[in-house]
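Here is the structure we will look at.
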Amino acid sequence: MSDTPHGGFPRFTPAHPPADFGRLIEALRTIQDLAVSTDLPEEQLAAAADQAEKLAAAMAPYVVPEGASPAGRSLELPGRGSLLLLPWTIEKYGPDGVQSTGVFRRYHLGGNAAAHGGTLPLLFDDLFGLIQHAYGRPRSRTAFLHIDYRAVTPLDRQLRVSGHVTKVEGRKAFIEAVLTDLDGKVLAECHSLMVALLPGQP
């Protein structure tokens with residue numbers, strides 16, 4: 001098989017890590033939430049820092065190259081087991097579109113109980129990568145991504161994001177998506193252009 005469908009990307013295969021990996025990722029997400037929502041007394045702060053440093057030291061010898069860690073490749077886990085991605089769960093995945101549900105957590109706070117506006121592009125951009133892949137497109141990069149913020153995006157409430165390819169022109173794929181609450185209220189709409197990589201392009 002040639003490298004053309006992947007451009008300069010390595011080929012990543014789905015990972016099926018032990019259950020403890022999911023536990024670790026969820027615990028780390030909770031720590032992220034707590035790190036931005038607590039005001040620890042000095043002695044507790046020192047103890048927490050000590051524990052965090054010990055955990056980092058314990059994990060450091062096991063760093064592996066990109067694509068070898070289960071992070072980002074564990075399709076059964078929220079956010080595919082990546083701390084960067086929002087912890088959402090894929091509900092629908094196919095050539096007619098992708099849909100997932102999840103919440104914005106305290107870590108994603110922008111202010112006044114609302115998600116930071118900068119977290120929405122991350123949600124949509126990751127979704128668009130899934131959409132073009134499910135559509136059967138080759139590896140692509142985002143050329144542009146335009147968001148219309150329609151309403152405040154709340155924290156700690158189940159939301160849904162869904163999208164699909166609307167048009168393909170050669171290397172270009174045009175994609176649209178919408179973020180709603182479970183009652184269908186539109187919180188944000190997004191459209192994007194994804195451009196397929198040429199052979200060897202990073």
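Some values worked out for this structure:
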item: Among beta bridges that DSSP assigns inside the chain, antiparallel share in %, nearest 5; result: 100
item: Accessible area of the chain belonging to carbon and sulfur atoms, whole % at 1.4 Å probe; result: 57
item: Amide proton proximity set for GLY110, modelled H, under 5 Å, gap of 5+; result: ALA115, HIS116
item: Contact order relative to length of the stretch 137-177, as percent, for alpha carbon pairs under 8 angstrom and 6 or more apart; result: 25
item: Taking the stretch 58-202 and dividing mean pair separation by its residue count, relative contact order in percent (alpha carbons under 8 Å, at least six apart); result: 20
item: In Hz, Karplus ³J(HN,Hα) per residue of the stretch 111-123 (6.51, -1.76, 1.60; θ = phi - 60°; x = Gly, Pro); result: x, 6, 6, 10, 5, 4, x, x, 7, 5, x, 5, 4
item: J(HN,Hα) series, the stretch 194-199, from Karplus relation 6.51 cos²θ - 1.76 cosθ + 1.60, nearest Hz, glycine and proline x; result: 10, 10, 5, 6, 7, x
item: Accessible area per residue, Å², the chain with all protein chains present, probe 1.4 Å; result: 58
item: Computed accessible area, SER82, all protein chains, 1.4 angstrom probe, square angstrom; result: 20
item: Computed [θ] at 222 nm, helices only, for the chain once each DSSP H run of length n ≥ 4 contributes -39500 (n - 2.57); result: -8500 deg cm²/dmol
item: Table column - 3J(HN,Hα) (Hz), the stretch 48-58, Karplus curve with 6.51, -1.76, 1.60, x for Gly and Pro; result: 5, 5, 4, 5, 5, 5, 5, 5, 4, 5, 5
item: Rounded, prolate or oblate (a/c below 1.5 giving rounded, otherwise prolate when a/b exceeds b/c) for the chain by Cα gyration tensor; result: oblate
item: Lysines whose Cα lies under 21 Å from that of LYS92, excluding same-chain neighbours fewer than 8 positions away; result: LYS167, LYS185
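The values are calculated or read from the model by the stated rules, or taken from the named source; none is laboratory data. Just so it is clear, the model here is predicted, and its values are computed rather than measured. SASA here: full protein model, heavy atoms, side chains in, ligands and nucleic acids out. Shrake-Rupley method; radii C 1.70, N 1.55, O 1.52, S 1.80 Å.
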